[in-house]
1. With the cut-off at 28 Å, tell me which of the pairs Lys243/Lys340; Lys219/Lys321; Lys188/Lys290; Lys210/Lys290; Lys204/Lys321 have Cα atoms farther apart than that.
2. I want the local charge near Ser143. Using Cβ-Cβ distances under 11 Å, sum +1 for each Lys or Arg and -1 for each Asp or Glu among the other residues.
3. Tell me the relative contact order for the chain as a rounded percent, counting alpha carbon contacts under 8 Å between residues six or more apart.
4. Per-residue HN-Hα couplings for the range 171-177, Karplus 6.51 cos²θ - 1.76 cosθ + 1.60 at θ = phi - 60°, whole Hz, x for Gly and Pro?
5. What residue among Leu44, Leu283, Leu327 shows peak mean-square fluctuation when the chain is described by a Gaussian network model with Cα springs under 10 Å?
6. What residue among Val125, Val303, Val324 shows peak mean-square fluctuation when the chain is described by a Gaussian network model with Cα springs under 10 Å?
7. Kindly provide the trypsin sites (Lys or Arg not before Pro) of the range 86-154 that DSSP labels as loop, not H, G, I, E or B, and whose Cβ sees at most 12 other Cβ atoms within 10 Å.
8. Can you give the alpha-carbon Rg of the range 76-146 over 2.2 N^0.38 Å, where N counts its residues?
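Derivation of every value follows stated rules applied to the coordinates shown; laboratory data play no part. All values reported here derive from a predicted model rather than from experimental measurement. All Cβ positions, even for glycine, are placed from backbone atoms using ideal geometry, and neighbour counts span all protein chains on display.
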Amino acid sequence: MAMTPKLQALLAAATLLGAPAFAADAPAKKPAKPAAPAHSLAPLPLGEKVGWSHAPFEAGDCSICHAKNDPKNPGPLTKTGNELCFTCHEEFAEIMARKVKHPPAVQACTNCHNPHNSRERKLLVAEQTALCFGCHADIKGISEKARVKHAALTTGSKCANCHNPHGAHVEHLLVQLPFDLCVNCHSKDGVSDGRGSTLTNFTKWLEANKVWHAPVEAKDCSACHKTHGSENFRLLVAEYPAKFYAPYDPKNYALCFGCHNDKVVSEPETTTLTNFRDGSRNLHYLHVNKADRGRTCRACHEVHAAQQDHQIRDGVPYGTKGWVLKLNYTKTPGGGSCAKTCHETKSYNNQAGQPAKKK
Ligand code: HEC
Ligand code: HEC
Ligand code: HEC
Ligand code: HEC
Ligand code: HEC
Ligand code: HEC
Ligand code: HEC
Ligand code: HEC
Ligand code: HEC
């Protein structure tokens, strides 16, 4: 396939932090300058259960930060604003000098932290996710309403698994480049998706399979996945069939056809649209374009990375027992062949409109 200008543009757009490749994907909405929700900064009333207490407050000497050591009336602070915090948390002066800064942290550390004590971990003024959602209603909407949810938002440090709520070197306050973020967490064996299938160990998979799909090569996982939640199978940005067989309808392949020409699968005869053809007989059409049991792209292609050219896969998982059927694909000059798995050995010839010789 020749690189079309559209694909070139997409690849160019698929920078590390580029805009999503899908027109249907509305540009990220900026939160309308959220106002900090009102919360008290006083020490928790006596008798309330304290979950977390700030070491200098625990020390009991109010004058560490206030003018007087009088618990009833400690008076004004010795330093104003974040400077007070930086006197002890020196590393935060560096964090807040980073290229990407979180406006509420620039404004006041106390937008999120109680300087005395709190029911919440890390002295937060409210449960962390609720705190973020208080200002980021759009992300709240996406993640709560999404049909497919991402456990990355609700396990471990939650939003802070991926974002530094203070400042960062990477756009969108990310703690690492997005590709590293995804791959590093998806680097364990045997992690379940909670519905009986096992997720890929990406560090291993990408290491073992050197033919990377162009958007993966561009390190742009977000070209196809919505991190915070999605309506589609596997958090995809657009539709893609979930099963091995599917009735053909271009709508179901909106993901692939967002970047690839759908004519590859809709024209029975061609000598230009695809090299997966025998003479002019379009074998993509033949395999995929069926009213009931059309094979989905995953029958032959790996979507992330594979050993063979064109991301042709080695084998396909079959049935519920985890059998893997070998595809035994061999590329030949001007064609290719598949041996003895889905059918007897068959070959195709895509040169000069000539079909492969019958055996
Ligand atoms: C680590 C520094 C620190 C220490 C120690 C500290 N405070 Fe504070 N305190 C603050 C900050 C910061 C504020 C918020 C001021 C603001 O922004 O309005 C504050 C505000 C308060 C307020 C007003 C809360 C409000 O809603 O306006 C009270 C009451 C208070 N502190 C009591 C105490 C008492 C009593 C002690 C000692 C037992 C103490 N603080 C020790 C940092 C400290
Ligand atoms: C007088 C020194 C001092 C000042 C001033 C101070 N802190 Fe602290 N803070 C500490 C110490 C000591 C700890 C405990 C550190 C530890 O356990 O590693 C701490 C812990 C924290 C923690 C919890 C971190 C953790 O993992 O336990 C937060 C959040 C925090 N401070 C925020 C603030 C904020 C916000 C301010 C300014 C309003 C502030 N601090 C001012 C000394 C200070
Ligand atoms: C938008 C909310 C928000 C603001 C504003 C904010 N923080 Fe935090 N801070 C957090 C969250 C959330 C965590 C917990 C992160 C985690 O779980 O890894 C945290 C953690 C911390 C910790 C503990 C770090 C650790 O390694 O455990 C310290 C110290 C701290 N903040 C200090 C500050 C200081 C100083 C400021 C002002 C410059 C500030 N924070 C402003 C949300 C905020
Ligand atoms: C698994 C990693 C991950 C987690 C967890 C995560 N995010 Fe994000 N977030 C990203 C990435 C990556 C981007 C960059 C845009 C993109 O690719 O979708 C982003 C972008 C954003 C943006 C700015 C762009 C936009 O889409 O509006 C906001 C705001 C945001 N995230 C808030 C949150 C909040 C709030 C949480 C917790 C509920 C959270 N994120 C949890 C990875 C994550
Ligand atoms: C007090 C309100 C407030 C709270 C609380 C808050 N944010 Fe923000 N956040 C903002 C504002 C304002 C911006 C800047 C939005 C803009 O770019 O127009 C922002 C920006 C961001 C961005 C970068 C967006 C981008 O496109 O680059 C991320 C990511 C983010 N916040 C995550 C979080 C997370 C995670 C939390 C909870 C720990 C949180 N925010 C809590 C107000 C808040
Ligand atoms: C903090 C760890 C963590 C990070 C970072 C992370 N993930 Fe995940 N992800 C998980 C876990 C745990 C699951 C399995 C549970 C689930 O289904 O959500 C998962 C599931 C998924 C799924 C399958 C969802 C389903 O239910 O079918 C996809 C797709 C995915 N992640 C993509 C990504 C992408 C893309 C990134 C980078 C933007 C990323 N992940 C970053 C932890 C993480
Ligand atoms: C070209 C689109 C595309 C790109 C780019 C992409 N993915 Fe996927 N991803 C998919 C599709 C399609 C599926 C479903 C595969 C299937 O079921 O056959 C999927 C499934 C997944 C899954 C769940 C299934 C599994 O095997 O674990 C995870 C996790 C995942 N992708 C992570 C990533 C990460 C991390 C990146 C970036 C390195 C990435 N994806 C880049 C399209 C893409
Ligand atoms: C974000 C854009 C994007 C999406 C979405 C996408 N691709 Fe691709 N794909 C590309 C680009 C760019 C290339 C490289 C084009 C080239 O080599 O001419 C490519 C190459 C391929 C190749 C290898 C072509 C070759 O000859 O080596 C296959 C096979 C493929 N994609 C299948 C798929 C399938 C299946 C899907 C849907 C699950 C999909 N793609 C979704 C952008 C995308
Ligand atoms: C029955 C196996 C099979 C299925 C199913 C299949 N492909 Fe292919 N595809 C191939 C083979 C084999 C090639 C390599 C052709 C060559 O260059 O000889 C290929 C090549 C490609 C290419 C490179 C350009 C070209 O057409 O020569 C793209 C892009 C592609 N396929 C996308 C898809 C998409 C998208 C789907 C699902 C809608 C899909 N394929 C389904 C076998 C398959």
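1. Numbers: Lys243/Lys340 22 Å; Lys219/Lys321 33 Å; Lys188/Lys290 37 Å; Lys210/Lys290 32 Å; Lys204/Lys321 23 Å.
Beyond 28 Å between Cα atoms: Lys219/Lys321; Lys188/Lys290; Lys210/Lys290.
2. +3
3. Averaging sequence separation for qualifying contacts and normalising by length gives 13 percent for the chain.
4. Once rounded to whole Hz, the list reads 3, 6, 6, 6, 6, 8, 4.
5. Leu44
6. The residue with the greatest mean-square fluctuation here is Val324.
7. Sparse-neighbourhood loop trypsin sites (Lys or Arg not before Pro): Lys99, Arg147.
8. 1.28
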